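Participant: After the C-alpha cells below, expect a handful of questions from me.
The values are calculated or read from the model by the stated rules, or taken from the named source; none is laboratory data. If you're wondering where the values come from, they're calculated on a predicted model, not measured in any experiment. Here the Cβ positions follow ideal geometry from the backbone for every residue, glycine too, while neighbour counts run over all protein chains shown.
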C-alpha cells in the first residue's frame with residue numbers, strides 16, 4: 001500500500017460551504033474572542049486559555065459541558081498559510097489524543113469552501129474515532145460556526 005493510501009485510511013474529513021467570505025471565516029478561526037463563540041459541540045461553552053497563532057505557537061481551549069464537566073483541548077500550530085490553511089497537532093482529552101487537525105479555506109466569491117481533516121496515528125484509531133461520533137461531533141461544531149458567521 002502506498003503512503004497516500006495509508007494517510008487516507010487514517011484521515012476523517014468533513015466539507016462545508018459557508019455563506020461568508022474567506023476573510024471572515026479565517027477571522028472566526030484565528031481570533032480568540034471568535035473561537036470562544038463557536039468552538040465545541042452544541043451545548044458546550046468554550047474558554048480560550050492560550051492562543052499563540054503562529055507556527056510553533058501553542059493553543060489551549062477548555063470546553064465546558066452543561067453539567068460543568070471540562071474537556072481540555074490543546075495543540076501546537078504546525079503550518080499557517082493566511083486564508084488557505086491551518087494545520088495543528090491536537091489533543092482532545094480524554095477522548096482523542098495525538099491527532100493532527102487540518103483546516104483548508106478556499107475563496108469562492110462571497111462564499112468559502114471549507115475542508116476539515118483529522119489525521120490519526122493509526123487506521124484502527126481512526127475507525128474507533130469515527131464510530132465514537134466524529135461526523136456528528138464535528139458536524140455540530142461547524143453548524144455552530146455557520147451560525148456564528150451568519151449572525152448579524
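Participant: Just to be sure before I move on: is residue 68 out of contact with any strand residue (DSSP E or B) (no Cβ under 6 Å at 6 or more places or on another chain), more than 24 Å from residue 112 (Cβ to Cβ) and at pLDDT 95 or above in the structure I sent?
Facilitator: Considered against the rule, which asks whether it is out of contact with any strand residue (DSSP E or B) (no Cβ under 6 Å at 6 or more places or on another chain), more than 24 Å from residue 112 (Cβ to Cβ) and at pLDDT 95 or above, residue 68 comes out as no.
Participant: For residues in the range 97-135 being in a helix (DSSP H, G or I) and touching a residue at least 60 places away in the same chain (Cβ under 8 Å), which is farthest from the chain's Cα centre (by Cα)?
Facilitator: Step by step, filter the range 97-135, then rank; the result is 123.
Participant: State the number of residues belonging to the range 91-119 that are modelled with pLDDT under 95 and surrounded by 15 or more Cβ atoms within 10 Å (Cβ to Cβ).
Facilitator: 3
Participant: Select from the range 17-49 the residues that are out of contact with any helix residue (DSSP H, G or I) (no Cβ under 9 Å at 6 or more places or on another chain) and closer than 16 Å to residue 86 by Cβ and list them in ascending order.
Facilitator: Within the range 17-49, 22, 23, 26, 30, 31, 32 meet the criteria.
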